[in-house]
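Structure first, then comments.
The values are calculated or read from the model by the stated rules, or taken from the named source; none is laboratory data. Bear in mind that the values here come from a model prediction, so they are computed numbers and not experimental data. Cβ atoms come from the backbone with ideal geometry, glycine included; neighbour counts cover every protein chain shown.
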Amino acid sequence: MTLFDLPVGENAQLAPVRKKENAAVAGLLRLGVEPLSEVRCLFAAPPGDPRAYRMGKVTVALRAETARVIPVLPPKDLPNPPQK
């Protein structure tokens, strides 16, 4: 699954990837996005592109061509929070 596949309003987690192998991920890390950050698709522009994503403390707008190369873990694969 890629960031582009994440529906508006849904959460996922950045998948582990070597930044040397993925320039888009390396750019996000330079912006302050933490590895394995939780990601939420906030909204899409009326034509569907670009989309706004919240990644940790950073909000970015990404075009489809960039979002399609950023791997994420689907919501069903996210670890369950500890039970209280």
Filter the range 1-24 for residues that are in a strand (DSSP E or B) and hydrophobic (A, V, I, L, M, F, W, C); the one that is surrounded by the most Cβ atoms within 10 Å (Cβ to Cβ) is Ala12
Checked against (1) assigned to a strand (DSSP E or B); (2) of a type in the set (Val, Ile, Thr); (3) more than 18 Å from Pro74 (Cβ to Cβ), Val39 satisfies every condition except (3)
When Ile70 is run through (1) within 15 Å of Gly9 (Cα to Cα); (2) surrounded by 14 or more Cβ atoms within 10 Å (Cβ to Cβ), the failure sits at (1)
Those residues of the range 57-72 which are basic (Lys, Arg) and in contact (Cβ under 8 Å) with a residue 24 or more places away in the chain amount to Lys57, Arg68
For the range 24-48, pairs from a residue that is within 14 Å of Pro71 (Cα to Cα) and among the small types (Gly, Ala, Ser) to a residue that is at pLDDT 85 or above and surrounded by 14 or more Cβ atoms within 10 Å (Cβ to Cβ), with Cβ under 6 Å and 6 or more apart or across chains, are Ala24/Thr66; Ala24/Val69; Ala24/Ile70; Ser37/Leu14; Ser37/Met55; Ser37/Gly56
